[in-house]
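Since the structure comes first, as structure tokens, the remarks are kept for the end.
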Amino acid sequence: MKRRTILTLLPALVAPRFALAQPSRPVVATFSILADMVRVVGGDDVPVTSLVPPDGDPHVWEPRPADLHALAVASVLVENGLGLEGWMSRLAQASGFQGVRVVAAESVAALTMTESARRITDPHAWQDPRNALLYVRAIEAGLAKALPGRAAAFAQRAEAYRQEIAETDRWIEKTLAPIPAEKRRILTSHDAFGYYGARYSIALRAVQGISTDGEPSARDIATLIRQIRREHICAVFVETMTSPRLAQMVAKESGAVLGPAVYSDALSAPGGPADTYLRMLRHNTAQFAAAMAAN
Ligand SMILES: [Zn+2]
């Protein structure tokens, strides 16, 4: 309802901004993880803003008037795709956005998952660093299309970043290597680590489904608690952007401990433990490794 009100007010909100269009048009990313990738590739050549802020939830974002302004003057819009930002198409259209639209996950081999007995696409592809390499290619191409004069600089930064991502991927493999197959189990509050689990051979269980707006039934919770006990899972992880209530209850009932915060769909605020994409991967891996060793 709030969203509709904002979109109805659109002409009045956006019109004055067009008259004041700034010389360096910003690149808009839908959420903080993508914004970080764009900042690395864009360097000083482009100002970057994120619609959903650090610690915010991109599944259920309510666009604000400021988002319309941001998109109306943006040169590039970078979104994840794979159904993550259900609110995006309407917002882009309403804002009159006319720049280059980049779907970062467009060349990813998407995984599917079952939610409420339906097969749906899992949008959290960035949790596999090999997919991030594809994200960076898409971002690089989009920036070069919008600013062809800076294409060489984008290409150079993107190549250096891809090497860093590949190095982080190798570090994760090495960090998890001592953990035997039977201990490779993680329980999280929100089902956001499917790609991570597929990449590093970790079985995942989640309290909530793939989106953050559904509530599991009492029967689902009871099944999960039995599973935790049977599989000797010792820790329940809560992503920073989700409510800890259900995870706390499951931890209490199953005898597992509540693990430290991990980051799935949002970075931490600057200066926090996961304020870049690569620091997020390392932070999560360190927490998961410690918990799995105790399983
Ligand atoms: Zn998510």
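All of the numbers you see were taken from the coordinates with simple rules; none came from a lab. Predicted model only: the values in this text are computed from it and were never measured. Neighbour counts are summed over all protein chains in view; Cβ atoms, including those assigned to glycine, are modelled from backbone coordinates with ideal geometry.
Rounded, prolate or oblate: which fits the stretch 2-169, taking a ≥ b ≥ c as square roots of the Cα gyration tensor eigenvalues, rounded meaning a/c under 1.5, else prolate when a/b beats b/c? Each step should come with its number before you reach the end.
Working: a/c = 2.30, a/b = 1.13, b/c = 2.03.
Note, shape of the stretch 2-169 comes out oblate.
For Ala293, what charge total do you get from the other residues with a beta carbon under 13 Å from its beta carbon, if Lys and Arg give +1 and Asp and Glu give -1?
Numbers: positive: Lys183, Arg184, Arg185; negative: Glu182.
Charge balance near Ala293 sits at +2.
Its DSSP H runs of at least 4 residues, each contributing -39,500 (n - 2.57), put the calculated 222 nm mean residue ellipticity of the chain at -14500 deg cm²/dmol, to the nearest 500.
Would you please classify the overall shape of the stretch 91-151 from the alpha carbon gyration tensor, given that a ≥ b ≥ c denote the square roots of the eigenvalues, rounded means a/c under 1.5, and beyond that prolate means a/b larger than b/c while oblate covers the rest? Note, shape of the stretch 91-151 comes out oblate. Taking the stretch 47-87 and a reference point 7 angstrom along Cα→Cβ of Gln93, the backbone N atoms nearer than 13 Å belong to 87.
Residues whose amide H lies under 5 Å from that of Leu267, counting only those 5 or more places away or on a different chain, are Ser32, Ile33, Asp55; hydrogens are built 1.01 Å from N in the peptide plane.
Based on the Kirkwood approach, the hydrodynamic radius assigned to the stretch 131-186 is 13.2 Å, with every pair of different Cα atoms included.
Going by a ≥ b ≥ c, the root eigenvalues of the Cα gyration tensor, does the stretch 173-294 fall in the rounded group (a/c under 1.5), the prolate group (a/b larger than b/c) or the oblate group? Intermediate results must be reported in sequence, preceding the final value.
Numbers: a/c = 1.80, a/b = 1.19, b/c = 1.52.
Because a/c hits 1.5 or more and a/b fails to exceed b/c, the stretch 173-294 counts as oblate.
Simple rule: put +1 on each Lys or Arg Cβ and -1 on each Asp or Glu Cβ in the chain, find the dipole, and look at Gly259, Trp171, Leu77; the Cα lying farthest toward the positive end is Gly259. With the charge dipole of the chain set up from +1 on Lys and Arg Cβ and -1 on Asp and Glu Cβ about the Cα centre, the Cα lying farthest toward the positive end among the listed residues Ala206, Val102, Gly142 is that of Ala206.
If the only charges are +1 at each Lys and Arg Cβ and -1 at each Asp and Glu Cβ, what is the size of the charge dipole of the chain around the Cα centre, to the nearest 20 debye?
Numbers: 32 positive and 29 negative charges, 57 e Å.
Once rounded to the nearest 20, the dipole reads 280 debye.
Can you tell me the dipole magnitude for the stretch 173-294 around its Cα centre, using point charges on the Cβ only (Lys, Arg +1; Asp, Glu -1), in Debye to the nearest 20? It would help to have the intermediate numbers written out before the result.
Working: 14 positive and 11 negative charges, 91 e Å.
Rounded to the nearest 20 debye, it is 440 debye.
As a ratio to 2.2 N^0.38 Å, the alpha-carbon radius of gyration computed for the chain takes the value 1.04.
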